Amino acid sequence: MALLNTNPTTTKAWQKLAGHYKTLKNYHLKDLFASDKERANKFTIQENGFIVDYSKNRINEETIKLLLNLADEVHLKDAIKKYFDGDIINETEGRAVLHTALRAKESDSILVDGVNIIPEIYSVKQKIRTFTEAVISGSKKGYTGKAFTDVVNIGIGGSDLGPAMVVETLKFYKNQLKMHFVSNVDGDHVYETLKELNPETTLFVVVSKTFTTQETLSNATTIKKWFLSPEFKTSETDIAKHFAAVSTNAEKIAEFGIAKENVFPMWDWVGGRFSLWSAVGLSIALAVGYDNFDKLLKGANTMDEHFKSADFSDNIPVITALLSVWYNNFFEVETEAIIPYTQYLNRFSAYLQQGIMESNGKSVDRDGNAIDYQTGTVIWGEPGTNSQHAFFQLIHQGTKIIPAEFIGFKESLYGDQDHHNKLTANFIAQTEALLNGKTKEEVLIELNAKGMSSSAIEKLAPFKVFEGNKPTTTLLINKLTPESLGSLIALYEHKIFVQGVVWNIFSYDQWGVELGKQLANTILNDINASISPNHDSSTLNILEAFKK
Ligand code: F6P
C-alpha cells in the first residue's frame with residue numbers, strides 16, 4: 001500500500017510552527033539554557049551506546065511538541081510500518097524499499113510478492129562468507145596459483161561510496177588485503193590504480209545494480225583488457241578466477257564473461273545508495289572479514305529496532321530528522337554540516353551526500369504536483385579538528401546559520417589518551433563556542449587584560465565578537481566499532497526516510513540523474529563523430545575547442 005499523502009504545509013502543526021518560529025527566532029540559546037537548568041537532560045536521548053544531545057538547538061519544549069504533532073499529522077507511524085513491511089513505497093519505480101530486510105534476523109519473515117525474502121538473503125550471506133573467507137585465507141588463488149593480495153572494487157554511486165566509506169572507517173579492523181576503489185570514468189583514475197597492481201594476485205569485484213552504468217562498464221572493460229594483456233600470459237578462462245560481480249542483471253554479467261560461482265545477486269527492492277548491506281558490501285567483507293561485516297549489519301538492525309519501536313519523542317532518527325525540517329523549512333537554512341571527530345570517518349559526508357541529496361533532492365510531491373516549500377538539504381563536512389582550521393570561521397562568524405552535527409567517540413582505537421583528550425576537548429569546545437559566542441563585553445575584558453590602548457581596543461573589538469546562537473547536535477558514541485558504525489549509518493538512512501515522509505516526496509527514486517546521463521551519450525557522439533548543431537552556443541564552443 002502507498003504512503004498516505006499529506007502536504008505538510010496544510011497541517012495544523014505546520015501553521016503553528018510558522019507562528020512559533022517568529023517568537024523563537026528571537027531567543028538566544030544562552031538564554032534558553034539559563035532559563036531551564038534541566039534543558040540538557042530534557043533534550044538528550046541515550047540508546048545502545050549513543051548519547052544524542054540536541055539541547056544546543058534553537059528549540060524549546062513547544063518546538064518539539066509541534067514537530068511531533070507534525071510527524072503525527074503526516075502519518076509517520078503508518079509510513080514506518082509500510083517501510084519495514086515492504087509496501088511499494090518507491091511508487092515511481094514500483095518497488096519496495098527493503099534495505100532493512102538485509103539486516104533483519106534470520107527468524108524474521110518479510111514478504112515481497114507473497115514470498116519470504118529472508119531465506120534468500122541468508123543464502124547470499126552464506127555465499128559472501130564462503131567466498132570472502134577463501135580469499136582472505138588464501139585458499140582461493142589466482143591464475144598462477146598465488147593467493148590474492150589486492151582487491152579492486154569497480155562501481156560508482158551506491159556501488160562505490162558505501163563500501164569505500166565503510167572500508168575506510170573500519171581500517172582499524174582490516175586484514176592483509178589491500179583495497180582499491182575505481183569509480184570515476186576518468187581513465188587516469190583507472191590507470192593510476194592499475195599501475196600498482198599485479199594481475200596474478202588481484203581480485204576485481206564489479207559492482208553495479210543495473211550492470212548498465214557507463215562508468216562501471218567502461219572501467220571493467222578497460223581493466224579486463226589490461227588483465228588479458230599478452231605480457232601477463234593470461235587467457236579468457238582466467239577471468240573466472242579474478243573477476244566477481246554483484247548485480248541484479250544476470251544476463252549482462254554473463255555477457256561480460258564472469259563465472260556463475262562468482263556472481264552475487266541483489267534485488268530491485270534494495271536502492272543503490274542503501275545497498276552496502278547486500279552483496280554490494282562484498283568489498284567490506286573482504287577487507288574486514290565476514291564476522292565484522294555481520295556485526296555492521298547487527299548494529300544497523302539495532303538502530304532499525306529502535307526506530308521502529310521507540311516513542312517519537314525518544315527516537316533518534318525521528319528527532320534528528322524533525323530538527324532538520326525545523327531549520328530547513330522555518331529558519332530556511334540551506335545547508336547542514338556533519339563534523340565527525342575521528343579521521344576514520346573522513347568519507348562519511350561524501351557517502352551521506354548521495355544518501356541524503358539523491359533521496360530528498362525533489363521538487364514534486366507524491367501526487368506529482370510542484371512543491372512550494374523547501375525539501376532536501378545540502379550536506380557537507382569534514383572531520384574535526386581539520387575542519388576547524390578550514391571552514392569553521394564561516395560557521396562561527398559568517399552570515400549563514402549552518403546547523404551542524406558533531407559525531408565523537410568516548411574511546412579511541414589505539415588508546416592514546418592524551419591525543420584523544422585533546423581531540424574530544426575540541427569536539428566539546430566547538431559546540432560550546434557555537435552556542436555562547438563571545439560578547440563585546442567579554443572581548444573588551446580580554447583585550448584590556450592584554451594592555452592594549454583603548455582606541456586600539458575599540459577598533460579591534462567588533463571583529464572579535466562572536467554572536468553564538470549557532471545550532472549543533474552532539475552524538476557521543478562509545479567506540480567506533482563495526483556495530484556502532486552500522487547503527488550510525490542506519491540512523492541517517494531513517495532520518496532520510498522521515499524527512500521524505502514529512503516533505504511528502506518520493507525518496508527512493510532518482511530521475512534527476514537521468515538527463516545528464518542521456519546528454520552525455522549525445523555529446524559522446526558529437527565527440528566521436530561530427531558535432532550536431534542542436535546545441536546552445538556555449539556547448540558548441542566548448543565542444544569545438546575540445547575537438548580542435
Ligand atoms: O547516479 C545514479 C545511480 O543510479 C545511483 O543511484 C546508483 O547508486 C549509481 O547510479 C550506480 O548504479 P549501478 O549500481 O546500477 O551501477
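A few remarks follow.
- In this structure, the residue pairs whose Cα-Cα separation is over 19 Å, taken from Lys127/Lys224; Lys77/Lys209; Lys209/Lys252; Lys56/Lys438, are Lys127/Lys224; Lys77/Lys209.
- Ordering Leu177, Val190, Pro163 by Cα displacement along the dipole of region 129-247 toward the positive end leaves Leu177 in first place; charges were set at the Cβ atoms of Lys, Arg (+1) and Asp, Glu (-1).
- Residues whose amide H lies under 5 Å from that of Arg95, counting only those 5 or more places away or on a different chain, are Asn90; hydrogens are built 1.01 Å from N in the peptide plane.
- Shape category assigned to region 419-548 from the gyration tensor of Cα positions, a/c cut at 1.5: oblate
- Each of Asn26 and Leu540 was given a label point 7 Å from its Cα along the Cα-to-Cβ line. The distance between the two points is 5.9 nm.
- Region 489-548 - percent of accessible surface contributed by carbon and sulfur, probe 1.4 Å: 59
- Dividing the summed helix terms, -39500 (n - 2.57) for each DSSP H run of n ≥ 4, by the number of residues in the chain produces a 222 nm estimate of -13500 deg cm²/dmol to the nearest 500.
- Three-way shape call for region 358-506 based on the alpha-carbon gyration tensor, with the a/c threshold at 1.5: oblate
- Distance (nanometres) between label positions extended 7 Å along Cα→Cβ at Thr399 and Thr212: 4.6
- FRET efficiency, 1/(1 + (r/R0)^6) with R0 45 Å, evaluated for Lys141 and Ile371 via beta carbons: 0.20
- Taking only the Cα atoms of region 307-425, the radius of gyration and Dmax are 16.8, 56 Å.
- Gyration tensor (alpha-carbon) shape descriptor, region 254-326, a/c threshold 1.5: prolate
- Bridging of Lys450 to aspartates and glutamates at a Cα separation below 20 Å is possible for Glu441, Glu442, Glu458, once same-chain residues fewer than 8 apart are set aside.
- Backbone HN-Hα couplings from phi across region 177-182 [Karplus 6.51/-1.76/1.60, Hz, Gly and Pro as x]: 5, 8, 9, 10, 10, 10
- 3J(HN,Hα) couplings calculated from phi for region 300-313 with the Karplus curve 6.51 cos²θ - 1.76 cosθ + 1.60 (θ = phi - 60°) are, in sequence order, 5, 4, 4, 5, 4, 5, 4, 4, 5, 10, 6, 4, 4, 5 Hz; Gly and Pro show x.
- As a rough guide to protection, the peptides 264-270, 452-458, 45-51, 184-190 ranked by mean Cβ packing within 10 Å, highest first, stand as 264-270, 45-51, 184-190, 452-458.
- Antiparallel DSSP beta bridges within the chain, as percent of all bridges there, nearest 5: 30
- Derived scalar couplings ³J(HN,Hα) [region 194-205; Karplus, 6.51 cos²θ - 1.76 cosθ + 1.60; whole Hz; x for Gly, Pro]: 5, 4, 8, 9, 9, x, 5, 10, 10, 10, 10, 10
- Close amide H contacts of Phe243 (hydrogens built in the peptide plane, cut-off under 5 Å, sequence separation of 5 or more or a different chain): Phe204.
- For the chain, the calculated P(r) over all alpha carbon pairs, in 20 Å bins from 0 to the bin holding the longest distance, is 20, 49, 27, 4, 0 percent.
- Backbone amide hydrogens, once placed in the peptide plane, bring Thr473 within less than 5 Å of Ala404, Glu405, Phe406, excluding anything fewer than 5 places away on its chain.
- Placing +1 on the Cβ of every Lys and Arg and -1 on the Cβ of every Asp and Glu, with nothing else charged, gives the chain a dipole about its Cα centre of roughly 820 debye.
The values are calculated or read from the model by the stated rules, or taken from the named source; none is laboratory data. Please read all numbers here as calculations on a predicted model, not as lab measurements. With ideal geometry, Cβ positions are generated from the backbone for all residues, glycine too; neighbour counts draw on all protein chains shown. Accessible surface areas use protein heavy atoms only, side chains included; no ligands, DNA or RNA. Shrake-Rupley method; radii C 1.70, N 1.55, O 1.52, S 1.80 Å.
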